[in-house]
Every structure is written in C-alpha cells, then in structure tokens.
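Engineer: One structure coming up, written as structure tokens, with questions to follow.
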Amino acid sequence: MENNEKFEFLRNIYIFHSLRDSELEEIAAQFEAKEYPRSATATSRGGVVLRLEKSSFKELLENHSPVKDVIEYLSSSYALAHKKNFSWLGEDEVVRFIDQRHIAVLFRRLLLPILTILAAGLVVFFGVIQGGISVSAYVVASISLGIAVLWSLWIFVDWGNDYYIVTSNRIVWLEKVVWLYDQRKEAPHQTILSINTRSNQIQRILHYADVIVRTYTGEIAMNDAAHPEYLAGLATTYWHLAEERLEEERIAGITTTIRERLGFEEKVPETENEPNNDDQGDTSDEQSGFILPQWLGNLLKTRYEVEGVITYRKHIFILFKQTWFFLLMFIILISLFIIFFSLSSAFLGRVLLFTIGAGILFVFGNLWYRYMDWKNDLFQITDKEITDVDKKPFGEATKRSAPLENILSLDYKRANIIQRIFNFGTVAINVGNSQLDFENVARPDAVQTELFEHYYAALRRKKEKEAQRYRDDVVEFLEIYHKENKRYERSQAEAEDIETPAAS
C-alpha cells in the first residue's frame, strides 16, 4: 500500500481532521500495511489493515495534541454509552459519540437557586446565632432554603439527563425532565440535508455552540453542546459514510449482476429474511403451557402481533380513566342488588331490585361502549405501512395510513408526571405533508425504536429494488451492445470471406 493511499485513507478518519496535509503525510508514512487472510468467501472491501507501532502511537499523541484530545473524548464517550446501555438501540446499531450541554448552562440555571440559598441561609444563620428575627421569618427562610436546595439538585439532575448522540444509523437528541416528561428526537443519516453550528458571543468565549441538523421536515436543534466541533464533525462524517456506503453497494450490485449474466459467477438464490420478533412481543400462551383463544388473550393487551401485523392500543391507564366511575358504580349496584335480593321480597323491594337491575344494565352498557372505544383505537405496523385506526361503536370509522419509506422523522414525548409514572406517551410520525400520532401508547421509546427498525428495513428493501431495476437496465443495455457488436463482427467477417474468393 503506497503512502498516498494511506494518506487518502487516514484523511477520511475524523480523529485526523484537525491535522494539516503535511502533518498527515508524515503520520501516514509511519503506518504499516498488513494483509490478513479472509476467513470466508464473501464480498470484502479489502484485507489490508493499517497498524502503528506503540512507540509511534505515543509519539503521535505527544506531537499532535488535537488527535489526543479527540481520542480521549471518544473513549470517554464509548464508556458513557456502555454505562447507560440505551435500550432503544437497534441490534446492529452502535453509539459513536455522546455529548451533553455545556457546564455553563448548569451554572446559568443554578444562579437563582444559589442566590436564594445564600439569602435564606444568611437569615437562618443570623436567626440562630444572634436572634432578633420573628419566628415566621425564620420559618419562611428555612422553608425557602430547603426548597432552593431541592431545586438546585433537580436542576443538576435535569442538566445531566440531556444527551446528543451520534450512532451508526442516526442522530439522536435525548431529553428527560425528571418526573415531568422525556422525549427522543432523531433523524436517520439518509434524511439529513445539512449540519451547521450556531453560536453567540458568550458561547464563543466559553467554546460551546448549538449544532443544527436540518432534515426534510425541519431541524433538530442540539443547543449548548459542550463539544460542538466533535458533535458536528462526527455527525457529518457518518452522514457522508452513509452516502458512500449506498454508492458502494450500488456499484457492487452492478458488478455482481454483470458477472452473473456473463457466467463468471453463479447466481445466489434470493431468500426472504424473516424479521426476528422473539424479543418484541409478549410471551405467548403456548410457551406458558396454556393456550387461550386469540380474542380472549388480546382483550386487554396494549401490544400484540398477528400474522406479522404489530398492533398497539392506548395504555391501560387511558381505559381506566374512561371507565373508573362506571366500574365503581357497577360494583356498588351489584352489591346493592345482592343485598336487597337476599333481604327483601316485598313489592317495594322488587321495584327497587328492578330499578337497580336497570341501573346495572345502563352502567354495563357504558362500560362496554367505553371498552370497545378503547379496544378499536388501534395503531398498526406492517412490513409496508403504518396505520391509525379509530372506530367508534355504532359510529364512524376512520383509517389513516402511510408507507413506511415515507417516514421523515420520529419523535416521542411523555408530557406530564402521570405519563412518566405509568410510562406512556405519544409517538409523532412525520410523513411529509401530514403527521400520524400513536397517542398514549405504552413504552413510547420502545414503540419509536420498533417503528425505526421497520422504517429502516422498508427503506433498505426499496433501495434494493431500485438498485436492482437500475442494474437490470444497465445489464440489458450491455447485453444488447454485446449482441449487436457480435452481429457486426460476424457481418464484417462474412463480407471479408465473400471478397477473398472474388479477388483470387
């Protein structure tokens, strides 16, 4: 591997972006190329690995502090990702970088509670040491001091719960407000249009900035990022890598198709990849040894899967919220009916029993109506589309759907303390000119992850089909060209054969 090839290879690695070309050329010369045998027959980008001796690596870190800074922060970022163990990551998805808000944001938010602590603390201190203040003032100052301390702790925890993340597949803004709500905004690398940084004078003095990721539908504003140059740089790197990977796959597909048509390779039969849903659904009744009818098993489920269609309902708390009063009345009326039935047989008692019975039927009807309204409000995911179904008992039914590949962004939000406690919220799906909302679903972060995985699979299938059509067109063109060229050569040879006897 020549030095210029090493230079071009290292140039695309982010940790070397801060170096000048002359410095990078000097470093590239220190790398050695080593070939490793492939362990299987497969399409590979190459079997060459660049390695650097330990002494040369230490020298690199000593002479080029920007490279050392990037490596150190990437190492701490990987350690944080391992510690957090984000459950929403896909099977083959890897966290590449994590950033948080700058510590100046924490100090800015702590300014008011710290001033309150100082003022209230002074009042309490002089009240204890010197006296001379009223009991009410002492109590108010003590309460204010306690509230300010708790407020400061809450601000500190809240500041530490915001993350800006670059993964191998997407860019993510993870925001969590303690006891109030949490949300995750993300954009797959393929949907990114631009990545910019924005800062004011104070941010420039303290070396932090806002990183703005623009997509087809808007922007993800990662405000007050502590390391904006790393965040924007790595996000841009993986955005371009995603584009390069698609181009490489396109060229590799064309090459494979041509070789198959020319007989250089045997055509590999296509196989359907069945999605593995072992860890996505609920435990089946067959596994537990007891088989329930499907309709009975799905009565209160908020997520179930039938023949590849994943169906979500609203959280069970929403059903309870709609039915608790009628459920309580139903229990009371049933209890009264049993009591009066066992104690009274007079005409008045029978009239009362009839009235209670009518009340029971009325309440039961309301319970049934509200349950059916909850049951028929469905959010579904198939391998091709997402669907929002809303069907009122004895009323109209509405159905909204959109192809999976039309998804432009996925956000979720838990908007209040009730949703935080019971872990439900709304997943907002932007599909261009409209938006589909999976409202009040349980575990909205898991729903968002499942949507993203299905979107990614649908996008991959769509691109594969488009690439296959393009390859077929190219190969068909080459085949026609090859046939016409042979026909022309054959006609030329026949013409020469005719001319040769005539000349003799």
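The values are calculated or read from the model by the stated rules, or taken from the named source; none is laboratory data. Source: prediction; values computed, not measured. When we count neighbours, we look across all protein chains shown, and the Cβ atoms used for this are built from the backbone with ideal geometry, even at glycine.
Engineer: Might you check whether a residue that is modelled with pLDDT of 90 or more, outside any helix (DSSP H, G or I) and hydroxyl-bearing (Ser, Thr, Tyr) occurs anywhere in segment 314-334?
Structural biologist: no
Engineer: While we're here: Is there a residue in segment 164-176 that is among the basic types (Lys, Arg) and touching a helix residue (DSSP H, G or I) at 6+ places or on another chain (Cβ under 7 Å)? Give the derivation first.
Structural biologist: Just the residues of segment 164-176 that are among the basic types (Lys, Arg), to begin with: 170, 176.
From what is left, the residues that are touching a helix residue (DSSP H, G or I) at 6+ places or on another chain (Cβ under 7 Å) are 170.
Yes, there is a match, as at least one residue in segment 164-176 is among the basic types (Lys, Arg) and touching a helix residue (DSSP H, G or I) at 6+ places or on another chain (Cβ under 7 Å).
Engineer: Name the pairs whose Cβ atoms lie under 6 Å apart, with the first residue in segment 300-315 and at positive phi and in contact (Cβ under 8 Å) with a residue 24 or more places away in the chain, the second part of a strand (DSSP E or B) and not β-branched (Val, Ile, Thr), and 6 or more positions between them or separate chains?
Structural biologist: none
Engineer: Only one of Gln448, Gln435 is within 18 Å of the chain's Cα centre (by Cα), of a type outside the set (D, E, K, R) and surrounded by fewer than 16 Cβ atoms within 10 Å (Cβ to Cβ). Can you tell me which? Show your work before the answer.
Structural biologist: Numbers: Gln448 fails: surrounded by fewer than 16 Cβ atoms within 10 Å (Cβ to Cβ).
Just one listed residue meets the conditions, Gln435.
Engineer: Run Asp437 past the list (1) over 22 Å from Val213 (Cβ atoms); (2) in contact with a Phe, Trp or Tyr (Cβ under 6 Å, 6 or more places away or on another chain); (3) at pLDDT 85 or above and report the number of the one that doesn't hold.
Structural biologist: Condition (2) is where Asp437 drops out.
Engineer: I'd like to know if segment 117-129 contains one or more residues that are surrounded by 16 or more Cβ atoms within 10 Å (Cβ to Cβ), at pLDDT 90 or above and out of contact with any strand residue (DSSP E or B) (no Cβ under 7 Å at 6 or more places or on another chain).
Structural biologist: Initially, segment 117-129 is screened for residues surrounded by 16 or more Cβ atoms within 10 Å (Cβ to Cβ), giving 117, 120-121, 123-124, 127.
Imposing the further condition that a residue be at pLDDT 90 or above reduces the set to 117.
Those left that are additionally out of contact with any strand residue (DSSP E or B) (no Cβ under 7 Å at 6 or more places or on another chain): 117.
Looking for residues that are surrounded by 16 or more Cβ atoms within 10 Å (Cβ to Cβ), at pLDDT 90 or above and out of contact with any strand residue (DSSP E or B) (no Cβ under 7 Å at 6 or more places or on another chain), one finds at least one in segment 117-129, hence yes.
Engineer: Please enumerate the residues belonging to segment 130-155 that are within 30 Å of Asn223 (Cα to Cα) and either exposed (fewer than 14 other Cβ atoms within 10 Å of the Cβ) or among the hydroxyl-bearing types (Ser, Thr, Tyr) (or both).
Structural biologist: Answer for segment 130-155, where residues must be within 30 Å of Asn223 (Cα to Cα) and either exposed (fewer than 14 other Cβ atoms within 10 Å of the Cβ) or among the hydroxyl-bearing types (Ser, Thr, Tyr) (or both): Leu150, Ser152, Leu153.
Engineer: Have a look at Asn12, Asn85, Asn63 and point out the one that is out of contact with any Lys or Arg (no Cβ under 6 Å at 6 or more places or on another chain) and at pLDDT below 75. Spell out how you get there, then give the answer.
Structural biologist: Values: Asn85 fails: at pLDDT below 75; Asn63 fails: at pLDDT below 75.
Going through Asn12, Asn85, Asn63 in turn, the sole match is Asn12.
Engineer: Are any residues in segment 377-400 loosely packed, with under 15 Cβ neighbours inside 10 Å and in contact with a strand residue (DSSP E or B) (Cβ under 6 Å, 6 or more places away or on another chain), and if so, which ones? Please lay out each step first, then the result.
Structural biologist: Initial filter on segment 377-400 (loosely packed, with under 15 Cβ neighbours inside 10 Å): 383-384, 392-400.
Selection gives Ala397, Thr398, Lys399, Arg400.
Engineer: Determine whether Arg443 is outside the structural domain of Asn376 (by TED's automatic domain parsing) and free of Cβ contacts under 8 Å to residues at least 60 places away in the same chain. Don't jump to the end; show me each part of the working.
Structural biologist: Numbers: outside the structural domain of Asn376 (by TED's automatic domain parsing): no; free of Cβ contacts under 8 Å to residues at least 60 places away in the same chain: yes.
So Arg443 does not fit the description; no.
Engineer: Okay, moving on. Would segment 184-194 turn up any residue that is at pLDDT 90 or above and outside any helix (DSSP H, G or I)? Spell out the reasoning first.
Structural biologist: Of all residues in segment 184-194, those at pLDDT 90 or above come to 194.
Pick out the ones that are also outside any helix (DSSP H, G or I) and you get 194.
For segment 184-194, residues at pLDDT 90 or above and outside any helix (DSSP H, G or I): present.
Engineer: Which members of segment 114-126 meet the condition of being in contact with a Leu (Cβ under 9 Å, 6 or more places away or on another chain) and of a type outside the set (A, V, I, L, M)?
Structural biologist: Passing the criteria: Thr116, Gly121.
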